[in-house]
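Remarks on the structure that follows.
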Amino acid sequence: MYDLVIENAKIIDGLGTPARNATVAVKGGRIAAIGQKLGDAKERIDASALVLAPGIIDLHTHFDAQLTWDPYATPASALGVTTAVIGNCGFTIAPCKPEDRDRTLRNLTHVEGMSLEALRAGVDWGFTSYPEYLDLLERKGVVPNVASFCGHSSVRTWVLGADAAKRAATRAEVAEMKHIVADALSAGAIGFATSTAEQHNGENGTPMPSRLADEYEMLELTAALGEARRGVFMLTKGMKTTVPWLEELAARNGRPVMIAAMFIDPNDPARVFQEFDEIEAARGRGRELWGQVGCFPLGMEFTIAHPYPLEALLAWRPAIEAEGSETYRRILADPSFRAAIKAEARTTGVPNRFSYHSFEHMTVKEVREKRHEPMLGKTVADLARAIAKDPFDWLLDFALDGEMAAMFDCKLFNTDEDNVRRLLRHPHAAIALSDAGAHLSFLCDAGFGLHLLGHWVRERGDLTLEEAVRAVTSRPAEAYRIEDRGRLVPGAWADLLLFDPSTVARGEKRRVNDLPAGASRMDTAAIGVHGVWVNGVRTVDAAGPIEGCGRPGKLLREFAV
């Protein structure tokens with residue numbers, strides 16, 4: 001007898017095979033059979049008019065801290081995600097010595113937009129080493145499956161302490177770091193992740209530790225992957241990191257390289273396609289490079305009190321260090337400070353950075369002063385034009401006029417959907433970049449997979465349903481060597497998503513207060529999702545997450561070569 005039979009579904013197997021009507025049987029957590037008339041089962045579900053597909057694999061999340069108090073990886077599991085990869089950009093909480101814990105959390109608060117109060121109240125520090133962290137997650141249990149990167153900034157902090165964000169490492173320190181990475185891979189890390197991106201700053205604008213690594217350090221730490229003959233190298237790329245150099249790493253180590261974050265930049269829309277041409281050429285030489293892309297405009301809500309997008313501007317650095325003080329207000333009013341940020345924002349050739357183009361997509365969402373309510377819903381560009389003022393001057397004057405905590409909603413990249421379509425259809429693109437678990441005060445893109453199925457398939461028709469499902473299931477599983485997942489075939493793990501193709505989508509953003517210490521976060525609801533199963537256990541029904549579902553997810557430690 002089967003544990004579960006789902007009847008009359010439209011089956012999309014995740015491999016690009018044309019959809020077909022069939023019945024799926026599950027037993028022992030795996031797909032036991034697919035056919036027309038299957039035998040008895042403990043539970044039968046009629047899925048008429050619904051699509052049954054593999055669950056979504058989210059390659060780019062930051063649930064490292066949250067999973068120690070929230071096994072559901074909220075809200076990802078409710079949004080069809082059955083496998084989440086954590087530790088991206090190298091921003092992890094393990095390994096971590098007790099004396100470095102608060103420094104680590106303060107950096108996460110800044111670089112990943114997390115509540116410091118929530119982190120201090122919620123993180124379970126029942127570990128110090130990276131293997132102990134994996135053991136903790138496995139012992140506590142998880143709802144979705146989880147795979148974890150070993151993170152460069154945490155490894156660097158373990159070895160260099162307070163110097164991690166100040167200087168290059170010595171050869172002896174690099175050797176110690178490499179040993180930690182090798183141990184992490186042996187313990188079950190899916191790979192090694194880092195960032196060279198200029199906007200990745202920790203507390204007081206200090207660069208995240210990985211940004212202080214020199215070429216020798218990068219070569220040695222990534223060599224641990226080649227020597228272990230396992231693992232993916234994931235990097236969020238800064239201006240000075242080139243695709244040809246990343247190809248060199250792939251050639252040296254024989255391991256896949258995942259490059260984030262590849263957006264359509266309004267300052268230079270051709271650049272991302274040039275980089276994909278370089279990826280294509282590298283693939284032709286046998287080097288496995290991938291470009292990580294998003295299926296939505298990268299946007300976020302923010303205030304001038306903590307203006308995350310503006311902090312990518314080098315000229316904004318003096319303001320970062322003064323945030324929250326009277327000095328901060330004086331800096332924002334300083335004509336020389338304003339002149340510097342205006343000049344930098346006009347500079348061409350600098351990727352993925354706030355610019356004058358951004359003001360056209362930046363709207364006033366909330367105000368503190370009643371007299372400013374007529375400005376709600378209007379763009380900063382239009383408001384500035386109306387009074388013949390530079391948009392930066394308008395923005396900073398508005399903040400200083402009682403609106404430091406006013407909320408803005410800004411779409412930064414991927415605003416040209418015809419160009420985004422080209423990225424989504426590229427054979428070497430990995431659709432991800434949800435940042436789930438991070439930037440909780442600013443955004444919630446955890447529903448990227450549902451958005452792909454609804455907006456890009458049903459509304460725009462740029463992808464077939466089969467193509468879209470493959471893009472977020474078997475393709476990421478293959479790139480990251482995750483075996484027996486991301487495909488709906490007999491023998492595979494029963495990670496399943498049941499949805500209505502006529503309505504599937506991500507809902508409107510909303511703010512909720514369910515983090516530790518009562519901190520708030522951005523959330524979005526699933527639309528058209530009728531069920532999610534992880535290893536054969538139902539975790540979500542049409543009403544949302546199932547409280548009594550247990551913790552059926554697995555901490556993934558074994559990966560294909």
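Can we say Ala319 is farther than 24 Å from Thr109 by Cα, in contact with a helix residue (DSSP H, G or I) (Cβ under 6 Å, 6 or more places away or on another chain) and either in a helix (DSSP H, G or I) or open to solvent by 10 Å² or more (accessible area, probe 1.4 Å) (or both)?
Taking the combined requirement at face value, the residue does not satisfy it.
Looking at Thr242 and the list (1) among the hydroxyl-bearing types (Ser, Thr, Tyr); (2) in contact (Cβ under 8 Å) with a residue 40 or more places away in the chain; (3) farther than 19 Å from Val85 by Cβ, which single condition is not satisfied?
Among (1) among the hydroxyl-bearing types (Ser, Thr, Tyr); (2) in contact (Cβ under 8 Å) with a residue 40 or more places away in the chain; (3) farther than 19 Å from Val85 by Cβ, the lone unmet condition for Thr242 is (2).
When Ala345 is evaluated against the numbered criteria (1) within 17 Å of Pro266 (Cβ to Cβ); (2) modelled with pLDDT of 95 or more, which criterion, by number, is the only one it fails?
Going through (1) within 17 Å of Pro266 (Cβ to Cβ); (2) modelled with pLDDT of 95 or more one by one, Ala345 breaks only (2).
Just to be sure before I move on: is Leu160 assigned to a helix (DSSP H, G or I), at pLDDT 95 or above, open to solvent by 10 Å² or more (accessible area, probe 1.4 Å) and touching a Leu at 6+ places or on another chain (Cβ under 9 Å) in the structure I sent? Don't jump to the end; show me each part of the working.
Working: assigned to a helix (DSSP H, G or I): yes; at pLDDT 95 or above: yes; open to solvent by 10 Å² or more (accessible area, probe 1.4 Å): yes; touching a Leu at 6+ places or on another chain (Cβ under 9 Å): yes.
Criteria met by Leu160.
For the stretch 3-19, name all the residues that are within 32 Å of the chain's Cα centre (by Cα), of a type outside the set (Asp, Glu) and open to solvent by 10 Å² or more (accessible area, probe 1.4 Å).
Lys10, Leu15, Gly16, Thr17, Pro18, Ala19
Any residue that is open to solvent by less than 40 Å² (accessible area, probe 1.4 Å), farther than 30 Å from Glu478 by Cβ and in contact with a strand residue (DSSP E or B) (Cβ under 9 Å, 6 or more places away or on another chain) - is there at least one of those in the stretch 327-350?
Kept after step one, since they are open to solvent by less than 40 Å² (accessible area, probe 1.4 Å), are these residues of the stretch 327-350: 328, 331-332, 337-338, 341-342, 344-345, 350.
Narrowing the set further to residues that are farther than 30 Å from Glu478 by Cβ leaves 328, 331-332, 337-338, 341-342, 344-345, 350.
Now drop any that are not in contact with a strand residue (DSSP E or B) (Cβ under 9 Å, 6 or more places away or on another chain), which leaves none.
Looking for residues that are open to solvent by less than 40 Å² (accessible area, probe 1.4 Å), farther than 30 Å from Glu478 by Cβ and in contact with a strand residue (DSSP E or B) (Cβ under 9 Å, 6 or more places away or on another chain), one finds none in the stretch 327-350, hence no.
Tell me the residue from Asp416, Asp397, Asp435, Asp401 that is open to solvent by 20 Å² or more (accessible area, probe 1.4 Å) and in contact with a strand residue (DSSP E or B) (Cβ under 8 Å, 6 or more places away or on another chain), please. Talk me through it step by step, then tell me what you get.
Values: Asp416 fails: in contact with a strand residue (DSSP E or B) (Cβ under 8 Å, 6 or more places away or on another chain); Asp397 fails: in contact with a strand residue (DSSP E or B) (Cβ under 8 Å, 6 or more places away or on another chain); Asp401 fails: in contact with a strand residue (DSSP E or B) (Cβ under 8 Å, 6 or more places away or on another chain).
Residue meeting the stated conditions: Asp435.
Of everything in the stretch 299-311, what is assigned to a helix (DSSP H, G or I) and surrounded by fewer than 20 Cβ atoms within 10 Å (Cβ to Cβ)? Give them in sequence order.
none
Being part of a strand (DSSP E or B) and touching a Pro at 6+ places or on another chain (Cβ under 7 Å) is the filter here; which residues of the stretch 430-456 pass it?
Correct list: Ala430 only.
With respect to Leu108, determine if the residue is within 22 Å of the chain's Cα centre (by Cα), hydrophobic (A, V, I, L, M, F, W, C), farther than 19 Å from Gly202 by Cβ and in a helix (DSSP H, G or I).
No; evaluated as a whole, the condition is false for this residue.
What number of residues within the stretch 186-202 satisfy the criterion of being in contact with a Gly (Cβ under 7 Å, 6 or more places away or on another chain), surrounded by 20 or more Cβ atoms within 10 Å (Cβ to Cβ) and not hydrophobic (A, V, I, L, M, F, W, C)?
So the count comes out to 4.
For the stretch 20-34, give me each residue that is touching a strand residue (DSSP E or B) at 6+ places or on another chain (Cβ under 8 Å) and either at positive phi or open to solvent by 30 Å² or more (accessible area, probe 1.4 Å) (or both).
Arg20, Asn21, Lys27, Gly29, Arg30, Ala32, Ile34
Check Gly507 against each of (1) crowded, with 16+ Cβ neighbours inside 10 Å; (2) in a strand (DSSP E or B) and name the one condition it does not meet.
Status for Gly507: all satisfied but (1).
The values are calculated or read from the model by the stated rules, or taken from the named source; none is laboratory data. It should be emphasised that the depicted structure is a prediction, and the values quoted were computed from it without experimental measurement. Because the Cβ atoms are built from the backbone with ideal geometry, glycine has one as well, and the counts that use them run over all protein chains shown. Note: accessible area is taken over every heavy atom of the protein model, side chains too, but ligands, DNA and RNA are not part of it. Shrake-Rupley method; radii C 1.70, N 1.55, O 1.52, S 1.80 Å.
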